[in-house]
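The values are calculated or read from the model by the stated rules, or taken from the named source; none is laboratory data. What you are looking at is a predicted structure, and each value in this text was computed from that prediction instead of being measured. Here the Cβ is made from the backbone with ideal geometry for all residues, glycine too, and neighbour counts use every protein chain on show.
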Amino acid sequence: MVIKKTDTVGARIRYWRMRRGGMTQAVLAGLAGVSQSYVSQIESGRKTIDRRSTLVALAAALQVTVADLLGQGTEPGSPARDGAAEWVPAIWSALIEIEDGERRSPTRTRKQLAADIARCDQLRTACHHPTMARMLPGLLLDAAAVGGVLLTQVAYQASTCLRNLGYRHLALNAARVAVSAAYDVQNPAWIGASRFAYAQSLPIESARLAARAADRALTELQARAADVRVRQMLGQLHLSAALTSTVSGRPDDARDHLTEATREAASLGDPPDGAGFNGCGFGPTNVGLWEMTIAAEQGESGRVIELSRKVRPQVLTASIRQQSYWLDLGRALADGGRRDAEALAAFVQAEQAAPVPFVLNPLARDAVVALAQRAKRRAVPDDLRSLAGRMGISLAV
């Protein structure tokens, strides 16, 4: 069997390794603190990278960014990304205009603007990021004319959309606009939301900075915790800090933040509407989902599977949270190669929950390639061949 698609993380690692004067796998492994056999398996597609910290180490050894290894926002070929890409320059231009203080006369009434923002938020919940991208240039400019919470909300939407499409540097710009607008009106709940967006938009290499940013926001907002919306955002900031502390090698800090998030979630419960403030979905279920992601980052596949038995992601409305559950579970099941059929079923569920983010996720692509590589000595299951085809991965016997 031949896997024709070569835009995997492993292929990019090999490309950059050869660009570095033909660096050997052994040298790369030594610089990154992993084994030569691990690098070999990653490059061949037989194994996936399970930890963000490993991506950071490999990128540093190759003197590139993690985004270079993931191919985020740079590679054509995906209909979902290509459909959104044509609108990204206009979004960028709108963000620059807003940051420079320029304001145009709005093209919508305030009522029309609010309705369109609500529609864009529905698209965010359903992970229809390409459709969001078409709406955002005009929404940003009109929201800027009004300012305040409406601008914060649209800039938050833009940050989420751009980050999921792989344009993390622009997502950071949008998050800064959201933060500034929230402070302009001194809205603590939206300050928390925009600070969360900022931490989420920072590159993986800046995990330590992201954790500090979350810590500062937590300190600032603690005095306003009487507001349930603020408490939900405090919980989200604790979760963000727990993950980024794990990535940056500070397990004690990660444990403390996760403990605080768990305590807050137990007090609040899951949001009755499955969404909560700004669709964050904070509560015991969301904490369980982040626990799974943190366990995956720690390389504890068995723990991910154990946690999955206690989490019911369907109680949350955000498609991306349901996708997170199935993707983390699928990657844990695929670890070791003994439960590939179950892993494939989980990946199919992840794609059904949020098709666009799943197709665009480089680590999801690598996981599917690894399943196909391991199946090469026997018939590739039809479900795997079909899933690979929808991801643009061509499998040929």
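Miscellaneous remarks
- Leading residue by the ranking (surrounded by the most Cβ atoms within 10 Å (Cβ to Cβ)) among those in segment 198-234 that are under 18 Å from Asn173 (Cβ atoms), touching a residue at least 24 places away in the same chain (Cβ under 8 Å) and among the small types (Gly, Ala, Ser): Ala199
- Failed condition for Ala60, given (1) buried (at least 17 other Cβ atoms within 10 Å of the Cβ); (2) under 22 Å from the mean Cα position of the chain (by Cα): (1)
- Test: residue in segment 298-312 that is of a type in the set (Val, Ile, Thr), assigned to a helix (DSSP H, G or I) and within 22 Å of Ser194 (Cβ to Cβ): no
- Condition met for Leu55 (under 30 Å from Leu136 (Cβ atoms), at pLDDT 90 or above and not aromatic (Phe, Trp, Tyr)): yes
- In segment 83-102, residue modelled with the highest pLDDT [restricted to those that are surrounded by fewer than 12 Cβ atoms within 10 Å (Cβ to Cβ) and farther than 14 Å from Ala144 by Cβ]: Pro89
- Condition broken by Ala266, with the remaining ones in (1) closer than 21 Å to Leu234 by Cα; (2) in a loop (DSSP other than H, G, I, E, B); (3) more than 21 Å from the chain's Cα centre (by Cα) satisfied: (2)
- Test for Leu113: is it touching a Ser or Thr at 6+ places or on another chain (Cβ under 6 Å), assigned by TED's automatic domain parsing to the domain that holds Arg168 and among the aliphatic types (A, V, I, L, M): no
- Residue list for segment 235-252, filter: over 16 Å from Arg52 (Cβ atoms) and surrounded by fewer than 23 Cβ atoms within 10 Å (Cβ to Cβ): Asp252
- In segment 293-312, of all residues being in contact with a helix residue (DSSP H, G or I) (Cβ under 7 Å, 6 or more places away or on another chain) and touching a residue at least 40 places away in the same chain (Cβ under 8 Å), the one that is farthest from Ser245 (Cα to Cα) corresponds to Ser301.
- Ile393, sole failed condition from (1) part of a helix (DSSP H, G or I); (2) hydrophobic (A, V, I, L, M, F, W, C); (3) touching a Ser or Thr at 6+ places or on another chain (Cβ under 9 Å): (1)
- Residue check: Arg195 meets all listed conditions (1) among the charged types (D, E, K, R); (2) surrounded by 22 or more Cβ atoms within 10 Å (Cβ to Cβ); (3) more than 29 Å from Val88 (Cβ to Cβ) but one, namely (3).
- Taking segment 52-70 as the range and being part of a helix (DSSP H, G or I) and of a type in the set (Val, Ile, Thr) as the test, the residues that pass are Thr54, Val56, Val66.
- Where helices (runs of 4 or more DSSP H) fall wholly inside segment 107-192, the ranges with 1 or more residues that are of a type in the set (S, T, N, Q), over 19 Å from Gly281 (Cα atoms) and over 16 Å from the mean Cα position of the chain (by Cα) are 110-125, 129-146, 168-184.
- The set of residues in segment 18-51 that are closer than 17 Å to Val64 by Cβ, among the charged types (D, E, K, R) and assigned to a loop (DSSP other than H, G, I, E, B) contains only Arg20.
- If you go through segment 103-133 and keep only what is surrounded by fewer than 13 Cβ atoms within 10 Å (Cβ to Cβ) and of a type in the set (A, V, I, L, M), you end up with Ala115, Ala118.
- Going through (1) modelled with pLDDT of 95 or more; (2) among the hydrophobic types (A, V, I, L, M, F, W, C); (3) within 26 Å of Asn173 (Cβ to Cβ) one by one, Leu268 falls short only on (3).
- Qualifying residue in segment 13-20 (condition: buried (at least 20 other Cβ atoms within 10 Å of the Cβ), at pLDDT 90 or above and within 24 Å of Val356 (Cα to Cα)): no
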